[in-house]
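The values are calculated or read from the model by the stated rules, or taken from the named source; none is laboratory data. No experiment lies behind these values; they were computed from the predicted model shown. Heads up, the Cβs are rebuilt from the backbone with ideal geometry, glycines too, and the neighbour counts pull from every protein chain shown. Protein only, heavy atoms only, side chains kept; ligands, DNA and RNA dropped before computing areas. Shrake-Rupley method; radii C 1.70, N 1.55, O 1.52, S 1.80 Å.
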Amino acid sequence: MLTKVAARERRFAISLFLPAFIVLILTTTLPLLYLAWNSVHRVDLTVPWITGFAGADNYTKMLGDPRFWNSFQLTIVYTATTVVLQMLIGLGLALLVMQIPRGQGMLRIAAIIPIVLAPVVVGLFWRTLILAPDFGVMDFITRALGLGTHDWLGDPQLALASVIVIHTWQWTPFAFLVILASLASLPPDIFEAARIDRASGLQRFWYITLPLIRPALVIVVIMRMMVALSAFAAIFAATGGGPGSATEILNLYTYRTSFTELNFGYGAALAMVLLAVTLLISYLMFRLRAPR
């Protein structure tokens, strides 16, 4: 009797799981396999008569492609800078808010607003209202400080810093909320014992708080890195990857190669490299998450 009940429950569980699994395969695995197939073929609509198997040609082409190395470098700088800023600012804000006994609920609600905005809306918001030359908020501030006016998104020296600020503004609240929840769950007895042992505030933070919230910090870093590596909409809306290639991170270079230059084979290879970098970094970060 128990065997029949177990078999019936197993069939019921499979019937619930199978549709979602099939949809997942159709929407993720098959497109990924098609992307990998394109990456080893010549698929260039500007010369459609040149087709066929390319092997590793699309990948070896990257070694001598200065535009690829520039976009790869920008991707590393963009990702590292935004993640570090989000973690530092988010941790600082979380520690500050933990000292505020009332009003934390309102602060949490306010922090959600940038997160729920579509990245393209964020990019256009900063482009038209905050960083617009002459009449943007930043220009009002710089002119009031006697620093003059600047073309924040049109100057190659300022454009990358501007999109880093945009991404940091939108996603720092995510790090703040996760770290705040992690801090709120810490047992107060440990800190009380540390105070009795005359541990300073810095010692309590370094030797107690940081080790206890380390898993949450690593998860936040992994998630923020994955989003930063695949950033597209906000940068595209704000600068379009320009001026020139000043903000053309690898994801934007892949898009331009595939849908502007119509070289789908090389674009697919670029996408596979970006995927490999993302998986490698995620793997290394998950290794750091494991307790030593």
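Does region 92-109 contain at least one residue that is at pLDDT 90 or above, within 22 Å of the chain's Cα centre (by Cα) and closer than 24 Å to Ala159 by Cα? There is no residue in region 92-109 that is at pLDDT 90 or above, within 22 Å of the chain's Cα centre (by Cα) and closer than 24 Å to Ala159 by Cα.
List, please: which pairs have Cβ atoms under 6 Å, are six or more places apart or on different chains, and start with a residue in region 115-133 that is surrounded by 15 or more Cβ atoms within 10 Å (Cβ to Cβ) and end with one that is not in a helix (DSSP H, G or I)? Listed by first residue and then by second, the contacts come to Ile130/Gly136; Leu131/Trp152; Leu131/Leu153.
Filtering region 86-114 to residues that are surrounded by 16 or more Cβ atoms within 10 Å (Cβ to Cβ), of a type in the set (A, V, I, L, M) and touching a residue at least 60 places away in the same chain (Cβ under 8 Å) leaves Met87, Ile89, Leu91, Leu93, Ala94, Val97, Ala111. Among the residues of region 215-228, which ones are open to solvent by 30 Å² or more (accessible area, probe 1.4 Å) and under 26 Å from Pro156 (Cβ atoms)? Scanning region 215-228 gives Met225, Val227.
Listed here are the residues, each with its yes/no results for (1) modelled with pLDDT of 90 or more; (2) in contact with a Pro (Cβ under 6 Å, 6 or more places away or on another chain); (3) open to solvent by 20 Å² or more (accessible area, probe 1.4 Å).
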site: Arg204; (1), (2), (3): no, no, yes
site: Tyr207; (1), (2), (3): no, no, yes
site: Ser230; (1), (2), (3): no, no, yes
site: Ile235; (1), (2), (3): yes, no, no
site: Leu252; (1), (2), (3): yes, no, no
site: Arg256; (1), (2), (3): yes, no, yes
site: Ala271; (1), (2), (3): yes, no, yes
site: Met285; (1), (2), (3): no, no, yes
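Note on region 1-36: residues that are open to solvent by 60 Å² or more (accessible area, probe 1.4 Å), within 22 Å of Leu270 (Cβ to Cβ) and of a type in the set (Ser, Thr, Tyr) amount to 3. Remark: pairs (first residue in region 211-231, over 15 Å from Phe174 (Cα atoms); second residue outside any helix (DSSP H, G or I) and open to solvent by 10 Å² or more (accessible area, probe 1.4 Å); Cβ separation under 6 Å; 6+ apart in sequence or on different chains) = Leu212/Leu186.
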